[in-house]
Each structure stands twice: as C-alpha cells, then as structure tokens.
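One structure below.
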Amino acid sequence: MNETGVPHRGEQYDDAFAPDDREIGVGPHPEPWPSGPNYDPGLLAAGDRRNVVDRYRYWTREAIVADLDTRRHGFHVAVENWQHDFNIGSVVRTANAFLAEQVHIVGRRRWNRRGAMVTDRYQHVRHHDSVASLAAFAAERDLPIIGIDNLPGAVPIETFELPERCVLLFGQEGPGLTEEAWQHARAVCSIAQFGSTRSINAGAAAAIAMHSWIRVHAEHG
C-alpha cells in the first residue's frame, strides 16, 4: 500500500503470483468515476488487476461477497482434511466458480490455500473438527450428505438425482472417504471411469460432481 492508500500492483493479484509482466484486468478508471458504496476508490485510481468477472471490476471485496450471497446455490461442498490434502485449494476455487453456499473443511483446520488462487476471499469457508460435527450441521439444516467415492457400494452419479439442497462430501486424496463419512452419507456416488487408473484427482472429482448439480438445478442464460 502506498502513501495515498492505493494498493501496489502486486498486492492486487488474486492469483498466487503474477506469471510475467503482462497486464491483467483493467487499468485506472477514466474520470468521472462511478459513484456508489460498491466501488473502491483505490481500485478506481490504480486499476483492478484481480481475478474477478467484469461485473465486479472496481468493487470492494465486501460488496462482491454481499452480491454473491444474494445468488448462492443450494449445495454445500465438504472435504475431509486429515493429511493436509493439497487438492483442497482447487476444490475451494471450483466451489467459488459454481457459487456453492459454503465450503466445509473437515479435520485439520489448516489447508493448502495456494490452489484456491485467493478465491476463498469470496467464498464462505467453515471448519469442522470431525465428520460428526459436519453431520450435525447438515441435520440442523435438513441437508442430506451425498458422498463422492469410487468404491464398491457407490451408485453412478450419472444416473443419481442430486438433491437441490445437499452437502457434497469428498474424501482425502488416495484413501477417499473415511468409514465415518460413509456412515453419515445418505448416498455415495461414483464417477464413471474407463481407463486403467483406480481413481481420479480429488479436485477433478469435485469439479465433476459440482457441475452435475449445476446441470440439473442452476439457471442458465
């Protein structure tokens, strides 16, 4: 931040780092500036280099979150974090892209934020120290937990009717959902695979499952 209160160029980037010297986003807004509580004078003066869609250019972070809160979808995303899974950041970023209601980190509080590309600034993230805590949260709000795992007993997500309001629960990269998670899930869905690998990346599985919800329940156009 410089003496005028305008953020330095590097402080604005939502990405973990600027890949090169290319200009990202938009430069200073031509005068006269738009007025209203949504706008950030520092961004209007210096330009907005954040990774946000055009409708949010020059808006404050608080204004963006408030606007997103009026449109969030009915699904939540939860991911087990017992071994500091590096995929969680990617899950958070995708949850932001699909406008999930909340993301729930189950287990260890700390998680690798690099993959989120700072989208957690705009996404509500809640911590639970156990699957039982997540299950209690979901039960209080009548949110069925739908696990995602490619193990025997799972039903194909391609033919499963995902509820409009639910929690999509993902396991740790490698071992998948814990036994406790299976016990609390109303259903566990698998994702069809056709190659030699036993499972796909947890971040990729989360993206597929969220988009499966979007295809059925989100308004398009």
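The values are calculated or read from the model by the stated rules, or taken from the named source; none is laboratory data. Given the structure is predicted, the values throughout are model-derived calculations rather than measurements. A quick note on method: Cβ atoms are made from the backbone with ideal geometry, for glycine too, and the neighbour counts reach across all protein chains shown. Just the protein is used for accessible areas: all its heavy atoms, side chains included, with ligands, DNA and RNA removed. Shrake-Rupley method; radii C 1.70, N 1.55, O 1.52, S 1.80 Å.
Peptides 31-38, 145-152 ranked from most to least packed by the mean count of surrounding Cβ atoms within 10 Å: 145-152, 31-38. For segment 117-191, the square roots a ≥ b ≥ c of the C-alpha gyration tensor eigenvalues yield an a/c under 1.5, which makes the shape rounded. Under 19 Å from a label point set 7 Å out along the Cα-to-Cβ vector of residue 71, the amide N atoms of segment 29-58 belong to 37-40, 50-58. Just check segment 169-221 against the gyration tensor rule for me: Cα atoms, a ≥ b ≥ c as the square roots of the eigenvalues, rounded for a/c under 1.5, and otherwise prolate or oblate depending on whether a/b exceeds b/c. Here segment 169-221 falls in the oblate category. The mean accessible area for residues of segment 89-221, using a 1.4 Å probe and ignoring ligands and nucleic acids, is 51 Å² per residue.
Multiplying the residue separation of residue 198 and residue 126 by 0.36 nm and subtracting their alpha-carbon distance yields 22.9 nm.
Modelled label positions at residue 139 and residue 114, each set 7 Å beyond Cα in the direction of Cβ, lie 3.9 nm from each other. Taking packing as the residue-averaged number of other Cβ atoms within 10 angstrom, the listed peptides 181-187, 86-92, 61-67 run from highest to lowest as 86-92, 181-187, 61-67.
Between residue 220 and residue 164, the modelled label-to-label distance comes to 1.8 nm, taking each label 7 Å out from Cα in the direction of the beta carbon. Within the accessible area of the chain, the carbon and sulfur atoms contribute 51%, probe 1.4 Å, all protein chains present.
Kindly provide the helix-only [θ] at 222 nm of the chain, computed as the sum of -39,500 (n - 2.57) over DSSP H runs of four or more divided by all residues, to the nearest 500 deg cm²/dmol?
My calculation for the chain gives -7500 deg cm²/dmol from helical runs alone.
For the chain, with only Lys/Arg (+1) and Asp/Glu (-1) charged at the beta-carbon, what is the dipole magnitude about the Cα centre, in debye rounded to 20?
On the way: 22 positive and 29 negative charges, 34 e Å.
Value, rounded to 20: 160 debye.
When all alpha carbon pairs of the chain are counted in 5 Å bins from zero, the resulting P(r) reads 1, 6, 14, 17, 17, 14, 10, 8, 6, 4, 2, 0, 0 %. Treat segment 87-128 as a sphere of radius equal to its Kirkwood radius over Cα pairs and apply Stokes-Einstein at 10 °C in a medium of 1.306 mPa s; give the translational diffusion coefficient in µm²/s, rounded to a whole number. In µm²/s, the coefficient is 159.
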